[in-house]
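All of the numbers you see were taken from the coordinates with simple rules; none came from a lab. From a predicted model like this one, the values you see are computed outputs, not experimental measurements. Cβ: placed from backbone, ideal geometry, glycine included. Neighbour counts: every protein chain shown.
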Amino acid sequence: RKEVEQDPGPFNVPEGATVAFNCTYSNSASQSFFWYRQDCRKEPKLLMSVYSSGNEDGRFTAQLNRASQYISLLIRDSKLSDSATYLCVVKGRRAGGSYIPTFGRGTSLIVHP
Amino acid sequence: GAVVSQHPSWVICKSGTSVKIECRSLDFQATTMFWYRQFPKQSLMLMATSNEGSKATYEQGVEKDKFLINHASLTLSTLTVTSAHPEDSSFYICSASDLADSYNEQFFGPGTRLTVL
């Protein structure tokens, strides 16, 4: 089983739609969680961190379920500019103290007019 | 946010040559930098963790003698692809963060696209 798994999609949705992505992780000792956005041929950029209590930033809501070991990202009122690949990132501590991030393969979102 | 630069942004080279990629944190000190490789439509794959003043930690399956990493200062890490072959063609990205806090954001460089002929 991969450490971090995501449905690669693509998710093809009309403007204004609500879309949700899930990401599962295998290491129960993982300590921090993030969603990154990556546009084609560009570097990833942080979208939001995911906290245990859940958090919201405008149209974006992230949730963490430690018992089931998954995180989710909900995008409301999709815009054309939301089209991108969304990467789930999970950090766990290694021997030596460093927090090492593991990336999922990403979920592709295409928002069409 | 913090800025991480990479140089060069793209490089085309002949098989058998070595290519050096630089990663710099421009406005903060990065005790640790990460090097990733990404093939088309694939996830970022962590290659190694670069620690200032010590040896890099390589992920399983990554040849340390082929991918030489040097982190000589708190703002610069270099990745050298030695004796490059066409299968090394990929998008190489570095990132930097302060690892004292697991929730600290990672800042990515813009990436280097390597094509080996």
Lone cysteines, chain B (no partner Cβ under 4.7 Å): B:C13
For B:V62, residues with placed amide H under 5 Å, excluding near neighbours: none
Proximal lysines to B:K20, defined as alpha-carbon separation beneath 27 angstrom and excluding residues fewer than eight positions away on the same chain: A:K42, A:K45, B:K41, B:K55, B:K64, B:K66
Percent breakdown of C-alpha pair distances by 5 Å bin, ordered from the shortest bin, for region B:1-59: 4, 14, 18, 25, 23, 11, 4, 1
Along principal axes, Cα extents of region A:1-54, largest first, whole Å: 37, 26, 24
Among B:G61, B:S50, B:F34 the positive-end extreme of the charge dipole of chain B (Cβ point charges): B:G61
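If you take every DSSP beta bridge fully contained in region A:9-113, what fraction is antiparallel? Give it as a percent rounded to 5. Walk me through the numbers on the way to the answer.
Numbers: 35 of 39 bridges.
Taking every DSSP beta bridge with both residues in region A:9-113, the antiparallel ones total about 90 percent.
With both partners inside the protein assembly as shown, how many of the DSSP beta bridges are antiparallel, as a percent to the nearest 5? The partial results should precede the final answer.
Values: 73 of 81 bridges.
Just about 90 percent of them are antiparallel.
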Net charge of neighbours whose Cβ lies under 12 Å from the Cβ of B:H71, counting Lys and Arg as +1 and Asp and Glu as -1: 0
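Quick one: compute the contact order of region B:27-68, relative version, from alpha carbon pairs under 8 angstrom and 6+ residues apart, as a percent. Could the numbers behind the result be given before it?
Details: 45 pairs, mean separation 12.1, N = 42.
About 29 percent, as a whole number.
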For region A:43-58, 3J(HN,Hα) per residue [Karplus equation, 6.51 cos²θ - 1.76 cosθ + 1.60, θ = phi - 60°, Hz, x = Gly/Pro]: 7, x, 10, 5, 8, 6, 7, 10, 9, 4, 7, x, 8, 10, 9, x
Alpha-carbon gyration tensor eigenvalues x 5, square-rooted, for chain B, Å: 23, 14, 13
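Dividing the alpha-carbon Rg of chain A by 2.2 N^0.38 Å yields what?
Expressed relative to 2.2 N^0.38 Å, the Cα Rg reads 1.05.
Per Stokes-Einstein, at 20 °C and 1.002 mPa s, what whole-number D in µm² s⁻¹ belongs to the protein assembly as shown, with the Kirkwood radius over Cα pairs as the hydrodynamic radius? Before the final figure, lay out the partial values.
Working: Rh = 18.2 Å.
Approximately 117 µm²/s, per Stokes-Einstein.
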